[in-house]
Amino acid sequence: MKIKILTIFPEMFDSVFSASILGRAREQGLLETEVLDIRPFSDRKHQNTDDYPFGGGAGMVMLAQPIHDAMAAAMGPDFHGKRIYLGPRGQTLTTGKARSLAREEELILLCGHYEGVDQRALDTCVDEEISIGDYILTGGELAAMVLTDCVARFIPGVLGSAESPEEESFSDGLLEYPQYTRPRIWEGLPVPEILLNGDHAKIRAWRRQESLRATLRFRPDLLSSASLTPEDLRFLDSLKRENVSLDEKSCREEESPCSREN
Ligand SMILES: C[S@@+](CC[C@H](N)C(=O)[O-])C[C@H]1O[C@@H](n2cnc3c(N)ncnc32)[C@H](O)[C@@H]1O
């Protein structure tokens with residue numbers, strides 16, 4: 001798969017694209033990346049890429065012309081893929097989105113800066129807008145790195161053979177179970193016994209329950225769209241009952257805002 005990035009800060013990508021799994025994927029030819037500097041495409045005298053906003057207001061807006069020309073150069077004569085603008089009003093990046101983008105032959109990622117990009121460039125040069133969350137970054141570069149990293153994990157062969165992007169948090173709609181490594185006892189804290197006995201069916205069942213427990217605790221909103229078995233639902237019910245009785249117990253035993261309200 002090929003990912004091209006259009007940016008006015010190409011130097012930001014060097015270390016991220018050279019290290020760790022992304023670096024290895026590039027070395028193995030599984031992922032090809034090309035970072036294009038938008039500045040040389042500007043037809044302005046000093047190759048500037050931004051100007052004041054029409055209508056007034058703070059900050060600068062990226063010019064349409066250099067983006068249009070840089071995009072045309074990045075696409076070449078036979079582009080087959082998706083052109084994406086990283087921007088806060090786009091659809092939020094999810095595991096599902098990353099999985100489907102990994103099936104594209106090529107992605108071109110446009111990074112905005114300053115107050116954003118002239119809307120006419122977005123209207124004519126972009127297929128889709130993607131946000132990495134409900135907050136504002138100073139530029140689209142970090143978002144493009146996040147998207148590249150997340151998509152690359154779904155390219156066949158990028159993760160080692162033992163790893164699977166489908167066994168991580170969010171891949172089946174749930175968060176991941178807790179992980180442990182050596183030593184068996186650290187600072188008096190033991191690893192759960194079940195992980196040490198080599199019974200893979202029991203380990204799988206324990207992990208499923210711990211995934212459900214973590215999701216209920218940290219992201220209960222995910223449970224409504226996760227695919228759950230009747231056994232999962234029974235386990236969740238038992239957790240909820242346990243929590244309610246624990247809450248009631250602590251209200252009875254302690255001076256707490258809860259007992260004061262009663
Ligand atoms: C300071 S932001 C511009 C924000 C814009 N004025 C607004 O209020 O929506 C500069 C650039 O950062 C990138 N950016 C900021 N937040 C982002 C987010 N949550 N996801 C993806 N890209 C983002 C976009 O490319 C944007 O053009």
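Any read-out appearing in this document is the output of simple, stated calculations on the displayed coordinates, not a laboratory observation. Every value quoted in this text rests on a predicted model; they were computed, and no experiment measured them. All Cβ positions, glycine included, derive from the backbone under ideal geometry; neighbour counts span all protein chains shown.
Quick notes
- Least to most buried among L189, L212 (fewest other Cβ within 10 Å first): L189, L212
- Evaluated at q = 0.17 Å⁻¹: base-10 log I(q)/I(0), Debye formula over Cα of the chain: -1.27
- Helix-only arithmetic for the chain: the sum of -39500 (n - 2.57) across DSSP H runs with n ≥ 4, divided by the residue total, places the mean residue ellipticity at 222 nm at -11500 deg cm²/dmol.
- Exposure proxy shown here: for L236, L147, the number of other Cβ atoms within 10 Å sets the order, fewest to most, as L236, L147.
- GNM flexibility winner over the chain from L239, L63, L101 (Cα, springs under 10 Å): L239
- Rounded FRET efficiency, nearest 0.05, which uses the C-beta distance separating Q65 from A214 and R0 of 45 Å: 0.35
- Residue-span extension gain [Y180 to D78] - 0.36 nm each, minus C-alpha spacing: 31.9 nm
- Reciprocal mean inverse distance between Cα atoms of the range 119-219 - Kirkwood radius, Å: 17.4
- Residues I3, I185, I8, sorted so that the one with the fewest Cβ neighbours within 10 Å comes first: I185, I8, I3
- Rounded to 10°, Cα long-axis angle of helix 141-152 versus longest principal axis of the chain: 60
- Spin-label model, L239 to D43: label points 7 Å out along the Cα-to-beta-carbon direction sit 5.9 nm apart.
- The range 5-75 and the range 176-252 have Cα centres lying 44 Å from one another.
- Full extension of the chain between E115 and D14 yields a length gain of 33.9 nm, computed as 0.36 nm times the residue separation minus the alpha carbon distance.
- For the options G87, G55, G23, a Gaussian network treatment of the chain with springs between C-alpha atoms closer than 10 Å singles out G55 as fluctuating the most.
- Under DSSP loop assignment and at most 13 Cβ neighbours within 10 Å, longest GluC sites (Glu not before Pro)-free interval of the chain: 1-104
- Contact order relative to length of the range 29-180, as percent, for alpha carbon pairs under 8 angstrom and 6 or more apart: 24
- When you restrict to C-alpha pairs under 8 Å that are six or more residues apart and normalise by the size of the chain, the relative contact order lands at 17 percent.
- Full-extension gain in nm, E129 to A226, via 0.36 nm per residue minus C-alpha separation: 32.3 nm
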